[in-house]
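What follows is one structure encoded as structure tokens, with my remarks underneath.
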Amino acid sequence: MRVGIGYDIHRLVAGRPLVLGGVTIPFEKGLLGHSDADVLVHAACDALLGAAGLGDIGRWFPDTDPRYKNVYSITLLRECRRMIGEQGYTLVNMDATVFAEAPRLANHHEGMRRTMAAALETDEGRINIKATTTEGLGQVGAGEGMAAMCVVLLEDARL
Ligand code: MG
């Protein structure tokens, strides 16, 4: 068994779509980044790569590479799944929390879960998505950005 952790944060700005867990969510602002800035999927990628001992998302998908300009981050998650599979690992479970003051994300948890499970070619029951506000505290609480944390457990399919 191998455990991995991922964390990411992106700034919220006007004029960008809000994409979280691969789902476009109606909101007046979106996350700023070289890719679609899907903070949840980036945290998930880092957790998967970390668990497999493969470094981090910036190593494989650098934000200086024009190929990843505005890329749909679910494609990166799919690539991470392929990479951990090549190392002989399969996902036992993933648990993630999104930190966002607004909008309310509860209605979107299932869509994100379904989208991420499909990208990971796994059962939805192995993926759990949560969201919390930060009670108005800090930069996330002020609505300046969103953050996400993710933990995964992998098993060695070769054992
Ligand atoms: Mg990121």
key: segment 1-157: Cα Rg divided by the 2.2 N^0.38 Å rule of thumb   = 0.97
query = How far is it, in nm, from the label point at E144 to the one at T75 when both lie 7 Å from their Cα along the line to the Cβ?
reply = 3.2
inquiry  = Once each part is reduced to its C-alpha centroid, what is the distance from segment 28-42 to segment 84-146 in angstrom?
reply    = 13
task = Specify the angular offset, from 0 to 90 degrees and rounded to the nearest 10, of the alpha carbon long axis of helix 109-119 from the longest principal axis of the alpha carbons in the chain.
result = 40
message = Net charge around G88, counting only other residues with Cβ within less than 10 Å of its Cβ (Lys, Arg = +1; Asp, Glu = -1)?
response = -2
request  = For I127, enumerate residues with amide H under 5 Å from its amide H, sequence gap 5+ or separate chain, H modeled in the peptide plane.
outcome  = M94
remark   = Any trypsin sites (Lys or Arg not before Pro) in segment 107-159 that lie in a DSSP loop and have at most 13 other Cβ atoms within 10 Å would be R158
query = Could you give the angle, 0 to 90 degrees to the nearest 10, between helix 73-86's Cα long axis and the longest principal axis of the Cα atoms of the chain?
reply = 20
message = For a quick check, take a GNM of the chain with Cα springs below 10 Å and name the residue from G33, G55, G138 with the largest mean-square fluctuation.
response = G138
inquiry  = Just to confirm a number: summing +1 for Lys and Arg and -1 for Asp and Glu over residues other than G21 whose beta-carbon lies under 14 angstrom from that of G21, what do you get?
reply    = -2
request  = Tell me what the chain gives for mean residue ellipticity at 222 nm when only DSSP H runs of n ≥ 4 count, each as -39,500 (n - 2.57), the sum divided by the residue total, rounded to 500 deg cm²/dmol.
outcome  = -8000 deg cm²/dmol
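Since every read-out is calculated from the coordinates, none of them should be taken as a lab result. Everything numeric here is computed off the predicted structure, so don't read it as measured data. Backbone-built Cβ (ideal geometry, glycine too); neighbour counts: all protein chains shown.
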